Amino acid sequence: MKAIYGKKIYIVILVVLVAVCILKMLSPAIAATKDVYKVCSNCHTMHASQDAIFIREGNAPEVSSLGNCVECHGRYRWMLLKMDCLGCHARNVNGADSIVLFGDPSYKVPQVAHNGTDLAAGNFRLAFGMGNESKGHNVHGFGINLTTVDLMNLPPGYDSGRDPSNIKYDQFSDVGQIMCAGANGCHGNRNQTSHIEAMRGSHHTNDAILQLGANFTETNQGTTPGLSYRFLYGVHGGEDSDWQATVSSTDHNEYKGASSPSAPTTYGDTDTISEFCGECHGMFHGGSASPWLRHPSDIPLPNSGEYTGYTAYSATIPLARPSIADGSSSSSTVTLGTDIVMCLSCHRAHASQYTKILRWDYKNSDLSTALAGCAVCHSSKN
Amino acid sequence: MLMKMNRCHSDKIVFGLFFVFCVASLVCALLLSAPLTAQSGTYLDSAHGNSSYGVKRVGYGFPDYTKGLCAHCHEQHASIDGAEPDPAGGGPDKYMLLAENFSGAVQQPYSQSHDVCFSCHYGVGTLQSTAFYNESYSSTFGGEAAASSNIFDTFNKASYHNLKDVLTVASNNWSGTFSAANSNPCSVCHNSHLARRINANQGNPGFTAISKPSSHSTLWGSVSTERMNYYTAYYRAPFSVGANPASDPTKHEPDGVSRSYTSNEVQGSNLPDYVTFCNDCHNSIVSSYTLGRNLYAIDWTASGDQHGKGDGAGSAMGDLKAPYTSDGTSGGTQVDSTNFVTSCTDCHEPHGSSNEYLIRTTVNGSAVSITTSGKWYSLCITCHSLTGDHTWHTIGNSCNGSGCHDHGSNF
């Protein structure tokens, strides 16, 4: 009896091992997939039907015969997706949660529009009804809240010669607004017109190398959209685990910068966050020395004069790093002459409650408040 | 029992630590939640940076920013809502300024576009939201009637500080601070982020508007060691318009307040040391494109000019008028033992004048009009009575002709 029981144990173990090997051979990607994305049905639907109920989630209305728009507005979304970008990332615009637990097992999804504590990139809800205040990128998908009339459809400072996308930004697109991803967007591969195609595989990528902490390394960052900082193709950086829901001088993203600005000519050569912004705002990214024609970006903050007043990392007016060492965590240390002024030193990425997507209230009627951001670096102008 | 007491004691320790933690957290939360604000500092104290009377540009495509904001002078991207705001000049300008810093114009006539400062320091057509005036020194500090003047018009007067010459001298002497190709000549004497509003605070040198070219990052005149009474013990402020020369106390420059000649203010405690300031440039040879020659190097030392520390006491030729008398009044006697020292601004305008050589139109409370070149009689008699060999001088004669009375002459 004892011998038969022992034999059965060995058989079970053997079967399990074989099953694992088979699975690994057939689907190597599964072994590399983040644990949280293993449940496919969180995002995908095989037949757009569950329990005889048609599945089509998210707010993009169903509209027929819309060409490429069908990827979100069609009856069946591309890549068997249940919802569009905002279906996951703006699940409840009026809700207080900036991070939503979603799916089974539940995992954290950063929200781009909500009524709670802002994350690092800002909050599109703050830009609703912004008119010409330019409080946010007029991203498509929020309907009347962010309309085509709120901003022009050509990014300020756009220079196609500085846009490394081989499709370029199309200012005459029917949408008239920026998309989340793709050639007319920010995230994913901007060599794709479709913003869903642009993001293909990104969410499935094991991006441990981007997470600040023991596994962080810049090696291989930027090689795919999924291995790029916040899915911004090519960009390096260190991702804060909660998207700066909690933020301090020792708890924040780490951005990549350069000691002098450059305009990548081929896609994928981008590695700094300011170079990325320059893909669409290229005229604003340039200049290597005084007298400056435009505010410096991808330039080290000098270790002299008024700039010596910047002594500790400011999460409100952050600086980028020329490199981020393996295993790095967020650092409060500032090295003047090395750490770098970047676009995000003054602006949020998505939106803010302030004009021109600035990080502080530049239009406040109180001059001290209006100058507060400038004075962090320009300490003699306080 | 012992165990119970130990647990009780440890509970207290835990509670105490918890209490301290709560208090510390509360304090941190309060501190960290404080909104980001600039501390009051040098720019906010400046004329440009003041939230009540500071810079405020108006123009097509320019937002309604609060007064004093950087954006009024500096355009971070030379683009607002996709286009360059007024004055739209075909692209960004150096130092991200709203217009070209300095065109390099070699002389008059200046136009508004020649110097970025003229964008606002201008008459009709100023980009400043509310029209404002910068009167002459004679008016602001000497009491002469205001003429609704502005800096631009002043630099287009008969005599003026040639802006190109100013920048050339500065870039030659202080190349680490000023560049002939990139700097603004106004900034040679004024740091636009520091200069304060002395024209509304005439008697308070803490509101000085000037910075020495050799020390651009600091104001000059704001501390006691940078005042005329520190430069010399023999300074006496001229009368201002409306003074009663027969009386003491009476009105003196720079603020027209009635004071005794013995007061610290009349002795120069409320006047920046303009001698040291001006001599940053003028104590050496300065080339003048306007005049086509070099200017005389000013020597205000004891071995130099008699209007300076050079010994001019006891002259039998030209008695001094009040307030340069024994009691500061017209009834006083000559003080042969006192070698009075003047400030450059006692006689000269800093920007421009309808008189030649930037001679003021009001000196020591009296009008000065030099209608013929070189004939400065009306200037000299504001402070001097003519005696002895000078009785033959009339208004038609020249004081400084034939090298009689010039900077550098020994009588």
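The values are calculated or read from the model by the stated rules, or taken from the named source; none is laboratory data. Model, not experiment: these values are computed from the prediction. When we count neighbours, we look across all protein chains shown, and the Cβ atoms used for this are built from the backbone with ideal geometry, even at glycine. Note: areas computed on protein heavy atoms with side chains; ligands, DNA, RNA excluded. Shrake-Rupley method; radii C 1.70, N 1.55, O 1.52, S 1.80 Å.
Could you size up the charge dipole of the protein assembly as shown around its Cα centre, putting +1 on the beta carbon of Lys and Arg and -1 on that of Asp and Glu, and report it in debye to the nearest 20?
About 2540 debye.
Can you tally the net charge around B:Asn279? Count Lys and Arg as +1, Asp and Glu as -1, for every other residue whose Cβ sits under 14 Å from the Cβ of B:Asn279.
Neighbourhood net charge equals -3.
Just check the range B:137-234 against the gyration tensor rule for me: Cα atoms, a ≥ b ≥ c as the square roots of the eigenvalues, rounded for a/c under 1.5, and otherwise prolate or oblate depending on whether a/b exceeds b/c.
oblate
For peptide A:333-340, compute the average count of partner chain beta-carbon atoms within 10 Å of each residue's beta-carbon.
Whole-number average of other-chain Cβ neighbours for A:333-340 is 0.
Given the options A:Asp298, A:Asp174, A:Asp269, which has the most mean-square fluctuation in a GNM of chain A, springs set between C-alpha atoms less than 10 angstrom apart?
Of A:Asp298, A:Asp174, A:Asp269, the most mobile in the Gaussian network model is A:Asp174.
At a probe of 1.4 Å, how much accessible area disappears from chains A and B on forming the pair, both sides counted, to the nearest 100 Å²?
2700 Å²
Over 27 Å between Cα atoms: which of A:Lys135/B:Lys67; A:Lys135/B:Lys56; A:Lys356/B:Lys164; B:Lys157/B:Lys309; A:Lys256/A:Lys356 fall into that group?
A:Lys356/B:Lys164; B:Lys157/B:Lys309
Could you give the alpha-carbon Rg of chain A over 2.2 N^0.38 Å, rounded to two decimals?
1.09
Between the range B:41-62 and the range B:190-264, what is the separation of their alpha carbon centroids in Å?
25 Å
Could you tell me what a quarter of the Cα convex hull surface of the range A:236-367 works out to, in nm² with one decimal place?
Mean shadow area of the hull around the Cα atoms is 9.1 nm².
Mind listing the Cα extents of the range A:93-235 along all three principal axes, in Å, largest one first?
45, 40, 24
What number, rounded to the nearest 500 deg cm²/dmol, is the helix-based mean residue ellipticity at 222 nm of chain A, given -39500 (n - 2.57) per DSSP H run of at least four residues and division by all its residues?
-4500 deg cm²/dmol
Cβ neighbours within 10 Å, averaged per peptide: list A:343-354, A:51-62, B:259-270, B:325-336 in order, most packed at the top.
A:343-354, B:259-270, B:325-336, A:51-62
Quick one: accessible area per residue over the protein assembly as shown, 1.4 Å probe, rounded to a whole number of Å²?
Ligands and nucleic acids excluded, the figure is 47 Å² per residue.
When you count, for each residue, the other Cβ atoms within 10 Å and take the mean per peptide, how do B:337-346, A:287-296 rank with the highest first?
Those peptides, ordered most packed to least, come out B:337-346, A:287-296.
Please report the Cα spread of the range A:279-342 along all three principal axes, rounded to whole Å, starting with the longest.
Here the Cα extents, ordered largest to smallest, are 35, 30, 19 Å.
Would you mind pulling out the separation of the Cα centroids of the range A:186-254 and the range B:131-163, in Å?
A separation of 60 Å, based on Cα centres.
Quick check: Cα centre of the range A:310-335 to Cα centre of the range B:267-317, how many Å?
Cα centres, the range A:310-335 to the range B:267-317: 54 Å.
Remind me, what semi-axes does the protein assembly as shown give for its equivalent ellipsoid, largest first in whole Å, using sqrt of 5 times each Cα gyration tensor eigenvalue?
Ellipsoid half-lengths, sorted descending, are 72, 30, 22 Å.
Counting only other residues whose beta carbon sits under 12 Å from that of A:Asn59, what net charge do I get with K and R as +1, D and E as -1?
Taking every other residue near A:Asn59 into account, the sum is -1.
How charged is the neighbourhood of A:Cys180? Take every other residue with its Cβ under 12 Å from the Cβ of A:Cys180, and add Lys/Arg as +1 and Asp/Glu as -1.
0
Calculate the mean, over all residues of peptide B:66-72, of how many other protein chain Cβ atoms lie within 10 angstrom of the residue's Cβ.
5
Quantify how strongly other chains surround peptide A:289-301 by giving the mean number of their Cβ atoms within 10 Å of each of its Cβ atoms.
Counting Cβ atoms of other protein chains within 10 Å of each residue's Cβ and averaging gives 4.
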